[in-house]
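Q: What follows is a single structure, and I will ask about it in a moment.
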Amino acid sequence: MKLVTRNLVPNGPGSVKLLPQIEDDLWDAYNLIAVGDTVEAVTARKIGGRDTERVKLTLEIAVQSVEYATEDSLMRVRGKNQTKNE
């Protein structure tokens, strides 16, 4: 896993930006993320009816649960989006 940025405060809140490079990195991320943390992720959403357009969104999720599926190497973070929709 590549550590892109790190902003840590002793005995206080902090943030890190991680870039998984192999499947085992998701397991490490699963063990780092806890309920109550905030996770930021980029996704795409289809907007419109007949002529759909893909819009890139940045989500800031307040973590309510984290799951990891070992057989598929998938990590699911569930929670509520903290950013307003545009």
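Q: Given LYS56/LYS80; LYS56/LYS84; LYS17/LYS80; LYS2/LYS84, which pairs have Cα atoms separated by over 22 Å? Working shown, then result.
A: Details: LYS56/LYS80 18 Å; LYS56/LYS84 14 Å; LYS17/LYS80 20 Å; LYS2/LYS84 29 Å.
Flagged as over cut-off: LYS2/LYS84.
Q: Let me spell out the model: positive unit charges on the Cβ of Lys and Arg, negative unit charges on the Cβ of Asp and Glu, origin at the Cα centre of the chain. What dipole size does that give, in debye rounded to 20? Don't skip to the answer; put the middle values down first.
A: Numbers: 12 positive and 13 negative charges, 97 e Å.
My answer is approximately 460 debye.
Q: State the extension gain, in nm to one decimal, for the chain segment bounded by ASP51 and LYS80, taking 0.36 nm per residue of separation less the distance between their alpha-carbons. Could you put the intermediate results ahead of the total?
A: Values: separation 29, 0.36 × 29 = 10.44 nm, distance 2.87 nm.
So the chain would gain 7.6 nm between ASP51 and LYS80.
Q: Please identify the longest segment of the chain free of exposed trypsin sites (Lys or Arg not before Pro), where exposed means a DSSP state other than H, G, I, E or B and no more than 10 other Cβ atoms within 10 Å.
A: Between exposed loop sites, the widest span is 1-49.
Q: Hey, another quick one. If contacts are Cα pairs under 8 angstrom and at least 6 residues apart, what is the relative contact order of the chain in percent? Could you put the intermediate results ahead of the total?
A: Working: 134 pairs, mean separation 18.8, N = 86.
Relative contact order comes out at 22 percent.
Q: Now for a separate question. Taking the Cβ-Cβ separation of TYR68 and VAL42 as r and a Förster radius of 22 Å, what is the calculated FRET efficiency to the nearest 0.05?
A: 0.60
Q: Can you pull the semi-axes for the chain, root of five times each eigenvalue of the Cα gyration tensor, sorted largest first, whole Å?
A: Values: eigenvalues 132, 63, 35 Å².
Those come to 26, 18, 13 Å.
Coordinate-derived values only; no laboratory data. Nothing here was measured: the structure is a model prediction, and the numbers come from that model. So basically every Cβ, Gly included, is an ideal-geometry build from the backbone, and we count neighbours across all protein chains shown.
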